[in-house]
Amino acid sequence: MKACYWVVGAFILILSACTETGNNAPYKGTETKIFLGSGGTTGVYYPTAGAICRLVNQRRSRHGIKCAAESTGGSVYNINSIRSGELDMAIAQSDWQYHAYRGTGKASFRDAGPFLDLRSVFSVHPEPVAVLARADSGIATVGDLVGKRVSVGVSGSGTRNFWESMWKKMGYSYGDLKETTGLKSPDTPKALCDNRIDAFFWLVGNPSGINKQTTTMCDAVFARVEGTFVNELVSEYSYLRKAVIPGGVYPGNPDDVPTFGVGATFIASTAVSDETVYQVVKAVFENFQTFKRLHPAFARLRKSEMIKDSLTAPLHAGAIRYYKEAGLM
């Protein structure tokens, strides 16, 4: 009988030793610190980076990676900071990821040349076009903006550039509007509700504080943004994607509204090790339901879409390793 106990005990010791050298073994190497760039503290990028770091840090004892989210100036700053080595990973708009990798778009990207070491990790929430209009304006679709007073973003901004490309693709010019205004986003709700404009146009993840403010202050509705021009733009530019503004999120807007736009993407460079990126992706994807609950903008995320939608630079090798291991590729 004692011999049996000894055999069982030895088996348990061996099993414990195997477990300690497996995935749950405490990490005993040198700690790796990574810094994630986001955006302003009032936007969606900052809590997105915070949510990623939260899940990574929960596994810190296993992989030895300590993650810190930093508030930054946003997409362009983040990409340039990854290039210079000031940031390891970051959130960036899909169109700026596209231009940075190719050395097109903004002057800073053109002057620096193609950022061929830029890598995609996964996409996050869509940042679709939102056209908010006064309920009494008669604007139900984006085409109804013809002859109206519309704010289309500050001159030189990403919003204004996007508007110009879209409006031209629709076959219109500025002359087809009654009045063009370039208000800053925080100024648009009051301007609309005070009847100084009929509608405003911008790109934003949902839920959005400004969208909620507008629909709470006055009767404002979202116009549908759909048609042949959307299909053509999405086919022509890989950084664009179709989306919906979810119904019931904003007062007076109970139905889903079709639209399209860019996407928020999570990026790195080849300077970040495959193992580090693998562990970051694993932390998010193996705690996916928890991740989706960390911000309302994540509620409709799907793994199958996150590994391909709006990703305009090659996938990082560490991300590919996890996606293949998890059967997603």
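Overview of results
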read-out	value
Residue in the stretch 305-323 that is surrounded by the fewest Cβ atoms within 10 Å (Cβ to Cβ), counting only those that are in a loop (DSSP other than H, G, I, E, B) and either in contact with a Gly (Cβ under 7 Å, 6 or more places away or on another chain) or free of Cβ contacts under 8 Å to residues at least 24 places away in the same chain (or both)	D309
Filter result for the condition that a residue is assigned by TED's automatic domain parsing to the domain that holds G138, surrounded by fewer than 21 Cβ atoms within 10 Å (Cβ to Cβ) and modelled with pLDDT under 95, over P207, P254	P207
Filter result (more than 21 Å from the chain's Cα centre (by Cα) and not in a helix (DSSP H, G or I)) within the stretch 151-174	S151, V152, V154, S155, G156, M170, G171, Y172, S173
Set V262, V280, V230, V284: member being touching a helix residue (DSSP H, G or I) at 6+ places or on another chain (Cβ under 8 Å), closer than 18 Å to T159 by Cα and outside any loop (DSSP other than H, G, I, E, B)	V262
Residues located in the stretch 257-290, provided they are more than 21 Å from I65 (Cβ to Cβ) and more than 14 Å from the chain's Cα centre (by Cα)	V257, P258, T259, Q289
Unique residue being under 16 Å from E127 (Cα atoms) and either within 20 Å of the chain's Cα centre (by Cα) or crowded, with 18+ Cβ neighbours inside 10 Å (or both) when the list is R293, R302	R302
Residues of the stretch 233-252 satisfying the condition of being under 11 Å from V262 (Cα atoms) and either without any contact (Cβ under 8 Å) to a residue 24 or more places away in the chain or in a loop (DSSP other than H, G, I, E, B) (or both)	Y237, S238, Y239, L240, K242
So A326, is it farther than 23 Å from W202 by Cβ and either assigned by TED's automatic domain parsing to the domain that holds I82 or touching a residue at least 24 places away in the same chain (Cβ under 8 Å) (or both)	yes
Whichever residue in the stretch 64-111 is among the small types (G, A, S), out of contact with any helix residue (DSSP H, G or I) (no Cβ under 7 Å at 6 or more places or on another chain) and surrounded by fewer than 20 Cβ atoms within 10 Å (Cβ to Cβ) and, among such residues, is nearest to V262 (Cα to Cα)	G73
Test: residue in the stretch 61-77 that is part of a strand (DSSP E or B) and over 21 Å from the mean Cα position of the chain (by Cα)	yes
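Rundown of residues vs (1) more than 15 Å from the chain's Cα centre (by Cα); (2) touching a residue at least 40 places away in the same chain (Cβ under 8 Å); (3) not in a loop (DSSP other than H, G, I, E, B), yes/no style:
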{"position": "P114", "(1), (2), (3)": "yes, no, no"}
{"position": "F122", "(1), (2), (3)": "no, yes, yes"}
{"position": "P126", "(1), (2), (3)": "no, yes, yes"}
{"position": "G143", "(1), (2), (3)": "yes, yes, yes"}
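For every residue, the table says whether it meets (1) surrounded by fewer than 18 Cβ atoms within 10 Å (Cβ to Cβ); (2) of a type outside the set (G, A, S); (3) in contact (Cβ under 8 Å) with a residue 24 or more places away in the chain.
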| position | (1), (2), (3) |
| --- | --- |
| G147 | yes, no, yes |
| T159 | no, yes, yes |
| E164 | yes, yes, no |
| K184 | yes, yes, yes |
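The values are calculated or read from the model by the stated rules, or taken from the named source; none is laboratory data. Just so we're clear, the structure is a prediction, and the values are computed from it rather than from any experiment. Virtual Cβ from ideal backbone geometry, glycine too; neighbours counted across all protein chains shown.
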